[in-house]
Amino acid sequence: MKCQKCNRPATFHITELLGGKPQELHLCAEHAQEYLNETQESSPVASNMATALAHHMAQQMALTKASQELSQMDEIICPTCGITFFEFRNQSRLGCPDDYQVFQKQMEPLLMNIHGELKHIGKVPKRSGNFSASCTRLIRLRREMADAVQEENYEQASVLRDQIREIEREAAPQ
């Protein structure tokens, strides 16, 4: 629906009772603000309505801003595993240990809310050693290999496959 005073989309729909009959107004944000200013000057009852509508407009604009910020955060991608923040929010699962650094700013409030701490205070297996680093490297190499296959760069894919096999062979129990 378009604004009754211009051709922009109407984002505010106001219904007033004038003479016992409802009158509908469909206005864009700019014309709604003008309408509020006019009614605020004319009567104290309208002033309360205008204040409430202005408050609603402010909330709507804040929601729009928050939505834009969230869509920007959703586009952040981990260079190691290729997961986006949007995928993490939907799956509640990270792709690799590097995601904690990549999504640190977005995850801190979440971790504080869930755990009450930002630092791990639990036990770590003694034999883990470089296991985490090699897992991260394997994830990155597998993603690069999949990209190489998709680009039909089979020579590069075979080199990456050999690197993956070597890392898996080293990690296998003796």
Restricted to the range 1-20 and to residues being open to solvent by 100 Å² or more (accessible area, probe 1.4 Å) and either modelled with pLDDT under 80 or in a strand (DSSP E or B) (or both), the residue farthest from Leu36 (Cα to Cα) is Met1
Exercise for review: Restrict the check to the range 100-115 and report whether at least one residue is in contact with a Ser or Thr (Cβ under 6 Å, 6 or more places away or on another chain) and within 25 Å of Leu141 (Cβ to Cβ).
Suggested key: no
* Is it the case that Leu53 is in contact with a Leu (Cβ under 7 Å, 6 or more places away or on another chain), open to solvent by less than 100 Å² (accessible area, probe 1.4 Å), under 30 Å from Thr11 (Cβ atoms) and modelled with pLDDT under 75? -> yes
Of those in the range 100-131 that are open to solvent by less than 60 Å² (accessible area, probe 1.4 Å), at pLDDT below 85 and not in a loop (DSSP other than H, G, I, E, B), the residue farthest from Glu69 (Cα to Cα) is Ser128
Based on this model, can you work out whether Glu69 counts as acidic (Asp, Glu) and at pLDDT 75 or above? no
Kindly indicate whether any position in the range 75-87 is more than 25 Å from Arg137 (Cβ to Cβ), part of a helix (DSSP H, G or I) and not hydrophobic (A, V, I, L, M, F, W, C). no
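The values are calculated or read from the model by the stated rules, or taken from the named source; none is laboratory data. None of the values given here were measured: they were computed from a predicted structure. All Cβ positions, glycine included, derive from the backbone under ideal geometry; neighbour counts span all protein chains shown. The protein model used for the area step is the full one, side chains on, heavy atoms only, and it has no ligands, DNA or RNA in it. Shrake-Rupley method; radii C 1.70, N 1.55, O 1.52, S 1.80 Å.
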